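Report on the following structure.
The values are calculated or read from the model by the stated rules, or taken from the named source; none is laboratory data. Given the structure is predicted, the values throughout are model-derived calculations rather than measurements. Positions of Cβ are backbone-derived with ideal geometry, glycine not excepted, and every protein chain shown enters the neighbour counts. Accessible surface areas use protein heavy atoms only, side chains included; no ligands, DNA or RNA. Shrake-Rupley method; radii C 1.70, N 1.55, O 1.52, S 1.80 Å.
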2 protein chains.
Amino acid sequence: MTEFELNYENLKKSFDGILDSFCAGLDCKPEILNDSLIYSLRLGGKRIRPVLMFAVGKLLGLDSQKLKNFALALELIHTYSLIHDDLPEMDNDDFRRGKPSNHKVYGTGNAVLAGDGLLNTAYSVLFGECFNGSEYVSAAKYICDCAGIKGMIAGQSADLLHQNDSEIDEDVLDFIYENKTSKLIMAAVVVPSILCGGKYYSELKLFGRDLGFLFQITDDILDVEGNFENLGKSVGKDSAEGKYTSVRLYGLDKSNVKADLLCERCVKILESFNGNTEFLKDLVNFVRQRIN
Amino acid sequence: MTEFELNYENLKKSFDGILDSFCAGLDCKPEILNDSLIYSLRLGGKRIRPVLMFAVGKLLGLDSQKLKNFALALELIHTYSLIHDDLPEMDNDDFRRGKPSNHKVYGTGNAVLAGDGLLNTAYSVLFGECFNGSEYVSAAKYICDCAGIKGMIAGQSADLLHQNDSEIDEDVLDFIYENKTSKLIMAAVVVPSILCGGKYYSELKLFGRDLGFLFQITDDILDVEGNFENLGKSVGKDSAEGKYTSVRLYGLDKSNVKADLLCERCVKILESFNGNTEFLKDLVNFVRQRIN
């Protein structure tokens, strides 16, 4: 294990501990609701948003305890979006992280409610934080707006709207990437800044945006070059269905060039910060080179 | 028009003004997302939760300006729940308030997103209120918890789980009614109390619970005795599908007796308050005697 992998694993483990406590204390009825929430939360994944949030918090000298519930809420929102995205009326994905999607296990009606439940619970957690002062309210509202109708949901809506377009428009692709993917990653890196009185606010916003684009382009590349074993989800589906992907617009080579460029831009922003940004730089490269 | 009807109409109109401004300023992209949100918000309805909230606020001497965004958020949440409830995988209702359901107009994928969008926007509005102080945070969190996995969503989940049961259990029926219907009505009447330092908190909670049960039982009665023209939705569907309804458990006569009893209990709670409760008493009777 490299030092980066070790550090990543440690941040991930500490978040998984937070998530485990949350799941253990959930205790809602009926049981199928409780089970379906926990099922999707425990499907695993890279937990990249919480890891990013903790890493940026560390860079800014923020006590990680202050970020716990923000990281939790963000992962709840991300998980809800996957459940609803996988529904037959949306992306219609039967697999998620190598296991059956929520609606394949619990049925579509319960999956709709599981998604609603995770989204609502994220905000219940964040309202709890709002008692701590106005910078906490600002951070909570930032997450909410990134997830909302001028954020992630707008991106999902555009994705759905254009999924059968015969030609791809670059502006539309950018709109989908910025909103569907970048916004929650921006939330992950901007929340610590808000809790630190806005330190590196604009830089981190830009960093999150570029990293989100990088994440999505590598996703598109993996959809063509990856395999089910590593990805845990269907491969080649996006391009086969004629969805909006960078590979479809630019081709594989140019998509790789674009990804390299975004990677450089992310690293450049990090270099403008004081403090140790090695981990975050490695994280950018990890997003670029990941196989799942 | 009776005095009650006039007062109701005035409160409803003032809320519709709030909702109109909200819709006019929505401006999200893509257009289909904007349209689908506004379509369901403008389907009309009695706006009983906002009216209740304003009426209780008036009784407690609260400035109605303070309640504007809470009433708005509550109606957004109520509307999202109707959109998701009407989905084919849930209640599968093609009509709502005499017009095609959201998914019949925009498709199921967009209806899922419209619901998600309204829920998320409700909380964005409420986070905005949280800057005003801790009682505002408490009120916002109260709404969120009433709507959540130990509130309305739990009720919807139980409703879905038991919809094909051959026999009805009274405890399950109570659980569904309390959570699916009463919780948002409780939120409507408890929020003004929280903003007034908890005045009549327990009494209003109980009042909201009973009024919610009354609302749901009269709904069940209307499902049997009403007609499509007045209701604007399919009639006899709940009982035909063997859903959990009071009429199916108790029969029509006993359901009417129960409704009368709840009506009396609500009025009794109101009589324990100082101030003019005439409007709220008439509102209770309106819920009992409504034809839609």
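Cβ separations smaller than 8 Å between residues 6+ apart or across chains give the following pairs from segment A:111-135 residues that are farther than 26 Å from B:K180 by Cα to residues that are β-branched (V, I, T): A:C130/A:V137; A:C130/B:V137; A:F131/B:V137; A:E135/A:I194.
Please verify whether B:G61 is outside any helix (DSSP H, G or I) and open to solvent by less than 30 Å² (accessible area, probe 1.4 Å), treating the condition exactly as stated. Judged against the criteria, B:G61 is not a match. Could you go through segment B:127-135 and let me know if any residue there is over 18 Å from A:G109 (Cα atoms), more than 7 Å from chain A (Cβ to nearest Cβ), hydroxyl-bearing (S, T, Y) and surrounded by fewer than 20 Cβ atoms within 10 Å (Cβ to Cβ). For segment B:127-135, residues over 18 Å from A:G109 (Cα atoms), more than 7 Å from chain A (Cβ to nearest Cβ), hydroxyl-bearing (S, T, Y) and surrounded by fewer than 20 Cβ atoms within 10 Å (Cβ to Cβ): absent. With respect to (1) part of a helix (DSSP H, G or I); (2) in contact with a Lys or Arg (Cβ under 6 Å, 6 or more places away or on another chain); (3) over 30 Å from A:L270 (Cβ atoms), the lone exception for A:H84 is condition (2).
Any residue at all in segment B:93-108 that's within 14 Å of chain A (Cβ to nearest Cβ), among the charged types (D, E, K, R) and closer than 23 Å to B:G148 by Cα? Looking for residues that are within 14 Å of chain A (Cβ to nearest Cβ), among the charged types (D, E, K, R) and closer than 23 Å to B:G148 by Cα, one finds at least one in segment B:93-108, hence yes. Screening the candidates B:F70, B:F54 for the property of being over 20 Å from B:G133 (Cβ atoms) and in contact with a Pro (Cβ under 9 Å, 6 or more places away or on another chain) yields one hit, B:F54.
Out of all the residues in segment B:206-219, which are open to solvent by 10 Å² or more (accessible area, probe 1.4 Å) and within 11 Å of the chain's Cα centre (by Cα)? Answer for segment B:206-219, where residues must be open to solvent by 10 Å² or more (accessible area, probe 1.4 Å) and within 11 Å of the chain's Cα centre (by Cα): B:F215, B:Q216. Summed over segment B:155-182, the residues that are open to solvent by 60 Å² or more (accessible area, probe 1.4 Å), among the small types (G, A, S) and assigned to a helix (DSSP H, G or I) give a count of 0.
Counting only residues that are under 19 Å from B:L74 (Cβ atoms) and surrounded by fewer than 20 Cβ atoms within 10 Å (Cβ to Cβ), segment B:97-124 holds 1 of them. Considering segment A:193-205, and only residues there that are part of a helix (DSSP H, G or I) and more than 16 Å from the chain's Cα centre (by Cα), the residue that is farthest from B:E31 (Cα to Cα) turns out to be A:L195. Restricting A:K29, A:K12 to residues that are outside any helix (DSSP H, G or I), under 27 Å from A:H103 (Cα atoms) and not polar (S, T, N, Q) narrows the list to A:K29. Among the residues of segment A:40-58, the ones that are within 14 Å of chain B (Cβ to nearest Cβ) and either touching a strand residue (DSSP E or B) at 6+ places or on another chain (Cβ under 9 Å) or open to solvent by 10 Å² or more (accessible area, probe 1.4 Å) (or both) come to 1 in all. Taking (1) crowded, with 19+ Cβ neighbours inside 10 Å; (2) within 10 Å of chain A (Cβ to nearest Cβ) in turn, B:E31 satisfies each apart from (1).
Could you please let me know if A:L11 is away from chain B (no Cβ under 14 Å) and more than 24 Å from B:G151 (Cα to Cα)? Taking the combined requirement at face value, the residue satisfies it. Got at least one residue in segment B:139-154 being open to solvent by 40 Å² or more (accessible area, probe 1.4 Å), more than 8 Å from chain A (Cβ to nearest Cβ) and out of contact with any Asp or Glu (no Cβ under 9 Å at 6 or more places or on another chain)? For segment B:139-154, residues open to solvent by 40 Å² or more (accessible area, probe 1.4 Å), more than 8 Å from chain A (Cβ to nearest Cβ) and out of contact with any Asp or Glu (no Cβ under 9 Å at 6 or more places or on another chain): absent. Residues considered: A:L222, A:L261, A:L252, A:L270. Of these, the only one that is at pLDDT 90 or above, touching a Lys or Arg at 6+ places or on another chain (Cβ under 6 Å) and either more than 22 Å from A:Q163 (Cα to Cα) or open to solvent by 10 Å² or more (accessible area, probe 1.4 Å) (or both) is A:L270. Would you say B:L74 is under 22 Å from B:F127 (Cβ atoms), buried (at least 21 other Cβ atoms within 10 Å of the Cβ) and within 11 Å of another protein chain (Cβ to nearest Cβ)? Here the answer is no, as B:L74 does not meet what is asked.
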